[in-house]
1. Would you kindly derive the ³J(HN,Hα) couplings of segment 432-449 from the backbone phi angles with the Karplus curve 6.51 cos²θ - 1.76 cosθ + 1.60 (θ = phi - 60°), listing them in order in whole Hz, with x for Gly and Pro?
2. For A204, list long-range residues whose amide hydrogen, built 1.01 Å from N in the peptide plane, is under 5 Å from its own amide hydrogen.
3. Would you mind pulling out the separation of the Cα centroids of segment 181-221 and segment 328-347, in Å?
4. May I ask you to list the trypsin sites (Lys or Arg not before Pro) in segment 248-337 that are in a DSSP loop and have at most 15 other Cβ atoms within 10 Å of their Cβ?
5. Give a residue-ordered list of calculated ³J(HN,Hα) values for segment 507-518 (Karplus: 6.51 cos²θ - 1.76 cosθ + 1.60, θ = phi - 60°; whole Hz; x for Gly, Pro).
6. Give me, ordered by chain and number, the residues 5 or more places off T342 or on other chains with an amide H under 5 Å from its own placed amide H.
7. Aspartates and glutamates within cross-link reach of K473: Cα-Cα under 20 Å, excluding same-chain residues under 8 positions apart?
8. When the Karplus curve 6.51 cos²θ - 1.76 cosθ + 1.60 is applied with θ = phi - 60°, which whole-Hz ³J(HN,Hα) does each residue of segment 274-290 get, with x for Gly and Pro?
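What follows draws every value from the coordinates through simple rules; no lab data is involved. This is a predicted model, so every value here is computed, not measured. A quick note on method: Cβ atoms are made from the backbone with ideal geometry, for glycine too, and the neighbour counts reach across all protein chains shown.
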Amino acid sequence: MHSKLFYCLLITVYLLAGCVPSPTATPPRQTPFPTLPLTQNTPTLAPNETAPVIPTTAATDAPNVSPAPATRIPTAPAFPTDTARLADTMPPLVQITVQDPELPVSTDQNVSLNVIAADNDLVTRLDVYDNNVLFAQVTAPEPAAVLSNQFQWSRHAPGKHTLRAVAFDAGGNASIPAQIVLNVINNNRAPTVLITSPSGSKDAEIGAPLTIQGVATDDVAVTRMDLIVDNQLVTFVTPDKPITPFAVAIPWTPTTTGAHNIVLRAYDNRGQSDDSLRYTVRVFDNQPPVVTANAERTNIPSGDVLLVEALALSSNGVARVELYVDEQLAATANSQAVSQQTALYTTLASNELTDGTHTLFVRAVDLVGHTADTERVIFTVAPNAPRIERTTPTAQTKATALPPTATPTAPLILPPPPTVKVELVGDPLRVVLPAPAEIKIQAHGAAELDRIELWARYPGESVAQLLMEESGKGATDETLTFKWNAPRAGVVEVDARVTDNLGQVGRSTILRVTLEAPPARAVEPPGFDFSGAWFAASPAVRFDATFTQFGRALRGILTEKRASGAPLTGKIVSGAAGEKNVLFAVDFSGDAQTPQHTLVFDCSFQERPPQLTCNYTTENGERGSALFKPLGQ
């Protein structure tokens, strides 16, 4: 018994010694024990998992006691990993917006319709209806909870349009329609145009190209841009196709000096036009001035004066002429009107001269600072130089006259003021744009004419605008012809004004010129005239329509008589007739019974015998068909 206890104690010590880890040993990785869910405080097993076998220990170490059989914990049933989806009955929400919903839309103007929809699940499709007719549709490439799209919409004819957007989700639910109302009107807004470069004050050299940059915008499209310099058309640019905005860069080479007024004129798809603000460019010549000088004499006695006659020429305008003696400035003559004086003749004098030999030259300076010098001239100052006798006439002694008898001073009689006439060359009453208005001006004066002006005023303008100004050139008779490129249509009052050198002004009678817009392209009428009464009858409903045709447009009245109710009367607010198809829409807003009722008909036409086979849609999306025939057939 003691040996048994000793043997067990020895084995226990050995096992404990083997379990003590080394100070430098790495601890073993711990495997986490799996966590099982509890069911009534009993852990349950995951699917395909069985309980571990737990052996029983002997109560004693008797050799005849056999171990109890192993037992297993029963396996719990597995829970389902997915559940059936609940049916989606909640419709999506949708919104439709435009940039300026209160502004009318011009015909052929592109309008961006922004449509966005959201759903608790997935949005799959967006529909847009125009007056209850499907206009556009987009399907989500990848269904998501939010779907947005931008539709481009335009209409060629004026009228009122109700645009509705409907969204659909993955469960087939349709949203409540969101709608906006747009009013399409004839395009009566002219384009706007702006010169973007150059800007500020600009100087240019004659012969050097200058790039004029600008941009024009329109609610529909810009078709042409004109470059106008000093009221004369220089060139024009057209886009490959009508577009807005339209930017241009037009080179212009000035050929004359002075101030030049530059304007950009833009035209839209209906021939309407407008001008940019006027931009002024000052053009200078890059050539220096020309100057000549002539000294009175080169041998000057002591104390006398040096006199030099000088002539300076410059297309930019002569600013001043300077006399230099021994490289020092001695005298200066300045111009009183630099930009207008291209020639300056003057006499320069220098009286502070010492005896000896000297040099002189004359320098001319133009408006932009260009200079030119004459050749150096040598002259001498000596006491023995011959003098030029300059005698001062003496006043003759006269007897004192008796005081004159007081008589009234005769009034100054001026010649009559100048006269001027203005007339339109060609048709004396009208001009069809974009052709220029050719205006003839005839001026006459008893005194020399100083300048001639042409003025114009559009209706509603409080101040007339200056179209042209020309110098009278000192003549007493002058005839001018001016071609005016008018910016827009209208009845314009034109008059001419002339001023003589005495300051007297003459004005012509007002000439009223009618500027007409370019004629619209003629629309060929269809071969069949639908005007008259038509009917379509079925057991459920009867339609009576009275069509009025204007070219290809259809208007009129339609009466709907259903077997279950009173007749309804509506107006055909829009319609078009083609060779094989007829479309028209009926609005019942004037009928007090159902003011929201609308019908849209899409028909195919057969001429012999005449009949319209139509499919129609109501405001609720209900569809039907009708066969129209002329009444009496």
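1. 9, 5, x, 5, x, 8, 8, 10, 9, 10, 10, 10, 9, x, 6, 9, 5, 7
2. R282, V283, F284
3. 42 Å
4. Working: sites: R265, R270, R278, R282, R297, R320; in loops: R270, R278, R297.
Sites meeting the loop and neighbour criteria: R278, R297.
5. After applying 6.51 cos²θ - 1.76 cosθ + 1.60, I find 10, 7, 5, 6, 9, 9, 10, 8, 9, 9, 5, x Hz.
6. Counting only residues 5 or more places away or on other chains, the set is V318.
7. K473 reaches D230, E448, D450, E453, D500.
8. So the J values, rounded to whole Hz, are 7, 10, 6, 5, 6, 10, 9, 10, 9, 9, 10, 8, 8, 9, x, x, 10.
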